[in-house]
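This report refers to the structure that appears directly beneath it.
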Amino acid sequence: MISEKEKQIVDFITYFEASKQCSPSIKSIAKSLNVHRSTVRRRMAPLISKGIIKHTRDSVTVLRAKDDT
């Protein structure tokens, strides 16, 4: 189960990847959600540990969609 705020991140990454054919940066996620980059990083940590997203130096990618959101 993921929180509503974590779901917002997953939804944005999914949308961004589908529309732009590339993965978003933390900066672009933060800007779209109107939060600070450190907030995005904090909210991403559980998603990374659950294997839902992958964060590299340059981008963030959704690895799998969770139906139990």
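Note on residue 14: accessible area is roughly 70 Å² with a 1.4 Å probe, heavy atoms of protein only. With protein chains left intact and a 1.4 Å probe, residues in the range 13-58 average 67 Å² of accessible area per residue.
First compute the accessible area of the chain with a 1.4 Å probe, then give the percent of it belonging to carbon and sulfur atoms. Before the final figure, lay out the partial values.
On the way: 2310 of 4570 Å².
Summing carbon and sulfur atoms, their accessible area is 51 percent of the total for the chain.
Among the listed values [x] 0.97; [y] 1.07; [z] 1.25, the one matching Cα Rg over 2.2 N^0.38 Å as calculated from this structure is [x].
Projected onto the charge dipole of the chain (+1 at Lys/Arg Cβ, -1 at Asp/Glu Cβ, origin at the Cα centre), which of 9, 35, 19 gives the Cα projection farthest towards the positive end? So the residue furthest toward the plus end is 35. In this label model, residue 27 and residue 48 are separated by 1.8 nm, measuring between points 7 Å along each Cα→Cβ vector.
The values are calculated or read from the model by the stated rules, or taken from the named source; none is laboratory data. Fair warning: this is a prediction, and the values are worked out from it, not measured in the lab. Don't worry about glycine lacking a Cβ; one is built from the backbone with ideal geometry, like all the others, and counts go over all protein chains shown. For the accessible areas, the whole protein counts, side chains as well, though only heavy atoms, and no ligand, DNA or RNA atoms are used. Shrake-Rupley method; radii C 1.70, N 1.55, O 1.52, S 1.80 Å.
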